[in-house]
Amino acid sequence: MAKCDAHPKLILQIALPVPLDRLFDYWPPEQHAPQTIKPGMRVKVPFGKYSKIGVVLRLINTDDCRIDLKRLKWAEQILDTEPLLSGKDLQLLQWASRYYHHPLGEVLLTAFPINLRQGKPAILPVEISYMLTEQGQLAQAAELKRAPKQQALLSLMQDHPRGMPQTALPEHKSALKSLLEKGLIRESVIQTGAYNPINSGKPLSANPEQRQAIDAVIDTLGRFSVSLLQGVTGSGKTEVYMQVIAQALQRQLQVLVLLPEITLTPQLEARFRQRFNVPIVCFHSKLNETQRLHAWLKMQQGQAAIMLGTRSALFTPLKKPGLIILDEEHDSSFKQQEGFRFSARDVAISRSKMLNIPVLLGSATPSFESLFNVARQRYQLLTLTNRAGNATDPAFQLLDIRNKPMQSGLSEPLLAVMHDILADNQQVLLFLNRRGFAPVQICHGCGWVSRCGHCDANMVIHATEQRLRCHHCGSEQPLPKRCPACKNAELQPLGLGTERIEHTLSEIFPDKSIIRLDKDTTQRKGSLEGYLEQIHAGQADIILGTQMLAKGHHFPDVTLVALLDIDSGLFSVDFHAAEKLAQMIVQVAGRAGRADKPGRVILQTRQPQHPLLSCLLNQGYQAFASMALQERKQAGLPPYSHQALLRVHAKDAHTPQQFLQNVLQTIQSLNSGKTQVLGPVPAPMARRAGQFRFQLLLQSTQRKELHHLLDTLLPQLAQLKLANQVRWSVDVDPVDLY
Ligand code: ADP
Ligand code: ZN
Ligand code: ZN
């Protein structure tokens with residue numbers, strides 16, 4: 001006992017980024033006053049042979065705990081003087097850890113940019129600005145005519161009586177020094193805490209539907225509510241966002257705007273900067289780590305007012321939270337598909353609830369869940385039915401291509417329409433969701449096909465690089481000239497990819513310019529922006545691409561959109577496929593047309609009578625969603641039930657299957673019968689990157705039951721006999737059953 005008295009009274013409970021769902025106890029660092037340590041600060045601790053960075057979650061009194069104090073280690077260092085995460089932030093992350101059944105330490109650390117995870121200091125560089133002194137205000141620039149650089153700087157400063165930031169004066173270094181020495185200017189540290197939105201850019205005059213939407217959301221500022229803004233591309237959603245944001249800024253509140261990576265373009269950022277005279281930061285994968293750190297800290301400290309970011313920006317701490325906006329809310333990129341698998345949309349809603357602020361979801365094709373929540377009156381629906389500027393909706397046409405002559409996936413009737421449109425100098429957009437030259441190479445002699453050695457998948461031909469590539473595991477090899485099996489030289493491409501269509505198009509339309517947009521052509525930094533500029537400058541006759549085309553960009557000069565192959569989306573085993581196909585069709589179609597040039601949409605199909613297609617095209621997205629939701633209700637599928645998918649993989653096929661059998665037995669001993677168990681079954685792609693994959697689907701009409709089962713089941717998995725021979729993961733609310 002006497003020995004214990006030498007110890008401090010407080011113990012730190014720390015979350016560490018390790019795959020164990022528990023906290024770790026440490027003494028506060030020696031030499032550190034324990035009462036200055038607060039939850040939300042980062043801490044460095046010894047862990048095994050190394051040190052780890054964690055987050056203090058709680059401080060507990062030695063009297064209140066049953067910890068073996070003799071075994072407790074000392075933390076090495078507290079890294080922050082103030083908590084980086086607030087109590088509300090910690091509460092959200094703890095909720096997310098429980099809801100997604102993912103270890104708290106890993107969840108907590110995903111809230112930080114990499115630099116902070118690595119323990120680097122949480123400080124922003126001091127920003128310096130220069131102001132004229134009284135003497136400088138009175139000085140005549142002419143007095144400096146023998147020092148032209150100083151003279152120029154003085155005039156510049158006199159044109160900016162409120163001062164200029166150092167960052168705006170990079171080429172004036174030596175002149176700055178001279179004017180400082182002469183006492184004409186002085187330095188001051190920029191105070192960016194308060195912003196002045198009064199001299200922001202003028203908003204457009206809202207049309208009646210926009211007005212209604214804007215007022216409805218402004219009305220909810222200061223309390224929790226979810227609004228769903230449904231409006232096609234070009235209907236003025238962004239304008240609605242901006243006018244609501246203006247109100248939040250007037251109240252000195254911060255706004256977090258989340259978008260899919262691909263729609264976060266420099267143009268959008270520029271539009272925001274033009275409208276709002278407040279500090280705006282971005283947070284996405286194209287920025288470097290320092291830029292991301294600074295953006296994060298500026299929001300955390302209240303120095304920036306708006307953050308435009310992707311999924312990973314969701315957890316950014318906000319000093320004065322006012323509003324969260326999620327654009328393209330249906331987009332699957334809001335779901336993180338590995339590690340900590342969370343839905344940024346669902347967590348954004350939970351976060352808004354905890355913060356008591358509104359959240360605004362926007363989309364032309366809302367997710368079925370959101371429409372379901374509107375029907376249940378949990379969300380308020382706001383609609384923009386017309387395109388701003390009066391553009392008309394495009395006309396759809398199902399083109400039956402059965403028995404029609406085809407050239408590389410382009411039917412003769414489609415080619416005929418293209419000829420007309422192109423002769424009229426209008427733009428055509430072609431969509432095919434498959435990149436590469438052809439999805440497989442086949443031997444005409446013996447039937448050999450280019451299978452991937454590691455996956456249940458084919459290797460795709462990339463003709464320009466003369467390589468075969470697996471799109472699932474990344475393995476590649478030179479394109480064989482002779483069949484590896486029979487040495488025959490008659491190897492042929494089978495099927496279509498965007499690269500092949502581009503090739504065919506250049507033969508059919510030799511004098512037309514073609515731009516292909518897919519992952520292969522836009523890998524280089526800035527290349528996508530370059531192509532988009534060319535398209536907007538009218539330098540492209542035919543635009544061809546994958547789903548990249550379905551997102552964010554609007555091509556007003558396009559008057560014909562053709563989807564070359566929609567049939568492959570009609571026969572998926574995943575019940576989400578119909579929803580995704582409908583969204584994709586409407587989104588691609590919505591890229592085109594404006595007031596003076598109405599758009600036309602052609603869908604090539606061999607299934608012209610398919611009920612899904614006819615409902616969508618004849619009655620529209622809303623009717624289609626109602627029909628599909630009705631089907632899901634009858635089948636007991638989400639959102640009428642709740643799912644969790646347990647995925648398991650190993651180097652052989654037997655172990656994961658056997659492991660899941662054991663899991664199944666455990667479940668049977670725990671389950672009250674209110675959760676349905678489906679499987680174990682092989683994953684739709686049973687082998688990927690050399691791993692054999694199996695899965696077990698849990699489904700319940702009661703969310704609580706499902707989570708209760710997971711709570712009791714998951715801690716037991718590690719004890720199962722084969723647990724250390726397999727890798728497993730849980731996906732709560734899976735959107736992709738692969
Ligand atoms: P969305 O976000 O739905 O794609 P935007 O807000 O970007 O739509 O608007 C599309 C175009 O219409 C933009 O060029 C925008 O400036 C213009 N616009 C939006 N609202 C109005 C309005 N009320 N009056 C005039 N033009 C508008
Ligand atoms: Zn062969
Ligand atoms: Zn592969």
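The values are calculated or read from the model by the stated rules, or taken from the named source; none is laboratory data. Predicted, not measured: the structure shown is a model, and the values here were computed from it. Quick reminder, even Gly has a Cβ in these numbers, built from the backbone with ideal geometry, and neighbours come from all protein chains shown.
Things to note:
- Residue that is farthest from ligand 1 (Cβ to nearest atom), among those in region 444-462 that are part of a loop (DSSP other than H, G, I, E, B) and within 31 Å of the chain's Cα centre (by Cα): 454
- Residues of region 215-226 that turn out to be within 15 Å of ligand 1 (Cβ to nearest atom) and either in contact (Cβ under 8 Å) with a residue 24 or more places away in the chain or among the aliphatic types (A, V, I, L, M) (or both), as a count: 1
- Flag if residue 397 is exposed (fewer than 13 other Cβ atoms within 10 Å of the Cβ) and in a strand (DSSP E or B): no
- Test for residue 504: is it in contact (Cβ under 8 Å) with a residue 40 or more places away in the chain, of a type in the set (Ser, Thr, Tyr) and surrounded by 14 or more Cβ atoms within 10 Å (Cβ to Cβ): yes
- Residue in region 465-473 that is over 27 Å from residue 419 (Cα atoms), within 27 Å of the chain's Cα centre (by Cα), within 16 Å of ligand 3 (Cβ to nearest atom) and among the charged types (D, E, K, R) present: yes
- Exactly one residue among 683, 689 is of a type outside the set (Val, Ile, Thr) and on the phi > 0 side of the Ramachandran plot, and that residue is 689.
- Of the set (1) modelled with pLDDT of 95 or more; (2) among the charged types (D, E, K, R); (3) not assigned by TED's automatic domain parsing to the domain that holds residue 581, all apply to residue 499 but (3).
- Leading residue by the ranking (farthest from ligand 2 (Cβ to nearest atom)) among those in region 459-476 that are surrounded by 14 or more Cβ atoms within 10 Å (Cβ to Cβ) and either among the small types (Gly, Ala, Ser) or farther than 23 Å from residue 516 by Cα (or both): 473
Every residue, every condition in (1) touching a residue at least 60 places away in the same chain (Cβ under 8 Å); (2) of a type in the set (Lys, Arg); (3) surrounded by 17 or more Cβ atoms within 10 Å (Cβ to Cβ), yes or no:
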site: 27; (1), (2), (3): no, no, yes
site: 30; (1), (2), (3): no, no, no
site: 48; (1), (2), (3): no, no, no
site: 73; (1), (2), (3): no, yes, no
site: 92; (1), (2), (3): yes, no, yes
site: 110; (1), (2), (3): yes, no, yes
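- Within region 671-695, being surrounded by 14 or more Cβ atoms within 10 Å (Cβ to Cβ) and among the aliphatic types (A, V, I, L, M) holds for 677, 683, 686, 689.
- Qualifying positions in region 418-458 - crowded, with 17+ Cβ neighbours inside 10 Å, closer than 27 Å to residue 547 by Cβ and within 16 Å of ligand 2 (Cβ to nearest atom): 440, 441, 442, 450, 458
- Residues within region 603-661 that are part of a strand (DSSP E or B) and under 20 Å from residue 684 (Cβ atoms), tallied: 8
- Residue within region 557-574 that is within 16 Å of ligand 1 (Cβ to nearest atom) and assigned to a loop (DSSP other than H, G, I, E, B) present: yes
- Among residues of region 561-587, those that are small (Gly, Ala, Ser) and under 22 Å from residue 408 (Cα atoms), counted: 3
- Filtering region 529-542 to residues that are in contact (Cβ under 8 Å) with a residue 40 or more places away in the chain and part of a helix (DSSP H, G or I) leaves 529, 532, 535.
- All conditions in (1) in contact with a strand residue (DSSP E or B) (Cβ under 8 Å, 6 or more places away or on another chain); (2) outside any strand (DSSP E or B); (3) not polar (S, T, N, Q) hold for residue 92, with the sole exception of (1).
- Residue match in region 73-87 (condition: modelled with pLDDT under 90, closer than 30 Å to residue 734 by Cβ and within 36 Å of the chain's Cα centre (by Cα)): no
- Residue that is nearest to ligand 2 (Cβ to nearest atom), among those in region 477-501 that are in contact (Cβ under 8 Å) with a residue 24 or more places away in the chain and not in a loop (DSSP other than H, G, I, E, B): 491
- Hits in region 668-705 - residues which are among the aromatic types (Phe, Trp, Tyr) and touching an Asp or Glu at 6+ places or on another chain (Cβ under 9 Å): 692
- Failed item, numbered, when residue 101 is tested on (1) closer than 30 Å to residue 717 by Cβ; (2) surrounded by 22 or more Cβ atoms within 10 Å (Cβ to Cβ): (2)
- If you check 599, 545 for being closer than 28 Å to residue 285 by Cβ, crowded, with 20+ Cβ neighbours inside 10 Å, touching a residue at least 40 places away in the same chain (Cβ under 8 Å) and in contact with a Ser or Thr (Cβ under 7 Å, 6 or more places away or on another chain), only one passes: 545.
- Filtered by the rule that a residue be without any contact (Cβ under 8 Å) to a residue 60 or more places away in the chain, surrounded by 13 or more Cβ atoms within 10 Å (Cβ to Cβ) and over 30 Å from the mean Cα position of the chain (by Cα), region 32-46 gives 32, 34, 37, 38, 45, 46.
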